Amino acid sequence: MSVVDPALGPDHPVDLVVTGARLVVTMDDDRTEIAGGWVAVDGGAIAGVGPAGTEPLGRRRLDAADGLVTPGLVNAHHHIYQNLTRALPPATEHDLFGWLTDLYPIWADLDEEAAYLSAWVGFAELALGGCTTTMDHLYVHPRGGGDLITAEIAAATELGMRFHATRGSMSRSRKDGGLPPDEVVQDPDEILADSERLVARHHRREPLAMVQVALAPCSPFSVTPELMVATAELAERLDVRLHTHLAEDRDEDEYCQQVYGCRPLEYFEQVGWASDRAWVAHCVHPNGDEIERLARWGTGVAHCPSSNQILGAGLAPIRELLDAGVPVGLGCDGSSSADSASLWLETRAAMLLARLRHGAGAMQAREALEMATRGGARCLGRQGTLGELSVGAAGDLVVWPLDGVRFAGAWADPVGALLRCGPNAARHTVVAGRLVVDDGQLVAPDVADVLRRHEAVARRWQR
Ligand SMILES: [Zn+2]
């Protein structure tokens, strides 16, 4: 099969042609896979895919020999600023509530420079791991810290990453029965006004938008119900998406029972969030009835397998969520809870955990890859545009190497090989038709300089 946009004409060279792949996995509606295939990108969008010998002329040609081409991976949950507090004891020894309580006072130093540097490093790390679109849930906005989200967007634009910023928030401090200390929470009116400002300034509505903004109160134990309700109303009025943490671990179940007299999902429904406008991080502990309700609402779930394992949060019922029809994407979660930010790693971990829970038949590589691509796109409200290589979709793709020692002998199934062998990282990462990673290296200059500045901030914070 070969689908080339007829508007291009036979002589019109496209911006980029990726050729010679061992396999192109399109993740389109028919899940088309093309052995020896090519992908063309023009004007930032996929212009065509097809078998060898039918490719259009390209101004630039990218060799995918011995490689697998997939859509760029979509990261549906992250807290990038936490790469300034990676692997930091004693937080590393604790579960969610203890880990947070150790780190909140350090995060109170977050400012524009720290937000920019951590975002730059975080986006670079994600791109090297085959991610082309990421969200970031930035919920710490210390007084006097400045415009942290605009600083992150500057880093995304510099590196050429597609970015869904979320205006996170915390409004319930310890004195009001919440978990965080006073210095990292904000007044609800200030949060709502800043949310509206950021949407007006940065949220793009065109199909191939590089930057979008969603609203994201942090969690049941750090935000008041009033702010949850007001945020849902604001998201409805501004027509932007909603995100929060939900049902992450047993402490949260207990907190909700004590404070709200119900389970986390009931609370989520009571505050007006039960809809397809929302996607939630984790969802490790929904019961059977709650899984059905999530599916009915169309609420998405960002599964974060590494974070769940490191924090000992539990084994999320991903097979059950998928079977019920819940949109499930993958997230690497915060840089200091999972500590590593590789969507390749999360995709493999999701496959392994589903099999650990229900046996080897519970998840195969293609379904895991589908969560990392189409699933993430559904979480972000970008289905049809992100997470698939179909004509008109975003020109975001990854060429994965399948050669060398790690893949020797894996000839039968390139998709199985991608996730069962490894570890792996991108050979090329392309966003909107532009290379962000070329031959395993970041295209952006100044990596060493940014890392030096990042180190200075991280060492100051950790002193
Ligand atoms: Zn999180």
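Numerical summary
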| quantity | calculated |
| --- | --- |
| Qualifying residues in the stretch 222-277 (those that are aromatic (Phe, Trp, Tyr) and either in contact with a Cys (Cβ under 8 Å, 6 or more places away or on another chain) or open to solvent by less than 10 Å² (accessible area, probe 1.4 Å) (or both)) - the one nearest to His202 (Cα to Cα) | Trp273 |
| Index of the failed condition, Gly98 passing every other in (1) of a type outside the set (S, T, N, Q); (2) more than 16 Å from the ligand (Cβ to nearest atom); (3) part of a helix (DSSP H, G or I) | (2) |
| Set Gln309, Gln270: member being touching a residue at least 40 places away in the same chain (Cβ under 8 Å) and either within 16 Å of the ligand (Cβ to nearest atom) or within 15 Å of Gly376 (Cβ to Cβ) (or both) | Gln309 |
| Any pair with Cβ under 7 angstrom, 6 or more apart, that starts in the stretch 433-451 at a residue that is on the phi > 0 side of the Ramachandran plot and ends at one that is outside any strand (DSSP E or B) and open to solvent by less than 30 Å² (accessible area, probe 1.4 Å) | Gly433/Gly44; Gly433/Gly395 |
| Residue match in the stretch 29-46 (condition: within 16 Å of the ligand (Cβ to nearest atom), out of contact with any strand residue (DSSP E or B) (no Cβ under 6 Å at 6 or more places or on another chain) and under 30 Å from Ser306 (Cβ atoms)) | no |
| Among residues of the stretch 90-126, those that are surrounded by fewer than 23 Cβ atoms within 10 Å (Cβ to Cβ) and of a type in the set (S, T, N, Q), counted | 2 |
| Subset of the stretch 317-326 (residues that are touching a residue at least 12 places away in the same chain (Cβ under 8 Å) and open to solvent by 10 Å² or more (accessible area, probe 1.4 Å)) | Arg319, Glu320, Leu322, Ala324, Gly325 |
| Single unsatisfied condition, Ala354 versus (1) without any contact (Cβ under 8 Å) to a residue 40 or more places away in the chain; (2) surrounded by fewer than 24 Cβ atoms within 10 Å (Cβ to Cβ) | (2) |
| Restricting the stretch 333-347 to residues that are closer than 13 Å to Asn83 by Cβ and among the hydrophobic types (A, V, I, L, M, F, W, C), the residue that is farthest from the ligand (Cβ to nearest atom) | Ala341 |
| Condition broken by His164, with the remaining ones in (1) in a strand (DSSP E or B); (2) at pLDDT below 95; (3) not hydrophobic (A, V, I, L, M, F, W, C) satisfied | (2) |
| Extreme residue, most open to solvent (accessible area, probe 1.4 Å), among residues of the stretch 441-461 that are in a loop (DSSP other than H, G, I, E, B) and within 18 Å of Gly129 (Cβ to Cβ) | Val443 |
| Subset of the stretch 281-305 [within 16 Å of the ligand (Cβ to nearest atom) and open to solvent by 20 Å² or more (accessible area, probe 1.4 Å)] | His285 |
| Which listed residue, of Leu148, Leu198, is among the hydrophobic types (A, V, I, L, M, F, W, C), in contact with a Lys or Arg (Cβ under 6 Å, 6 or more places away or on another chain), open to solvent by less than 20 Å² (accessible area, probe 1.4 Å) and over 16 Å from Val431 (Cα atoms) | Leu198 |
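Rundown of residues vs (1) within 16 Å of the ligand (Cβ to nearest atom); (2) without any contact (Cβ under 8 Å) to a residue 12 or more places away in the chain; (3) polar (S, T, N, Q), yes/no style:
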site: Arg204; (1), (2), (3): no, yes, no
site: Phe221; (1), (2), (3): yes, no, no
site: Asp249; (1), (2), (3): yes, no, no
site: Glu252; (1), (2), (3): yes, no, no
site: Gln257; (1), (2), (3): no, yes, yes
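The values are calculated or read from the model by the stated rules, or taken from the named source; none is laboratory data. This one's a predicted model, so the numbers in the text were calculated from it and none came from an experiment. For neighbour counting, all protein chains shown are included, and Cβ atoms are generated from backbone atoms with ideal geometry for every residue, glycine included. Note: areas computed on protein heavy atoms with side chains; ligands, DNA, RNA excluded. Shrake-Rupley method; radii C 1.70, N 1.55, O 1.52, S 1.80 Å.
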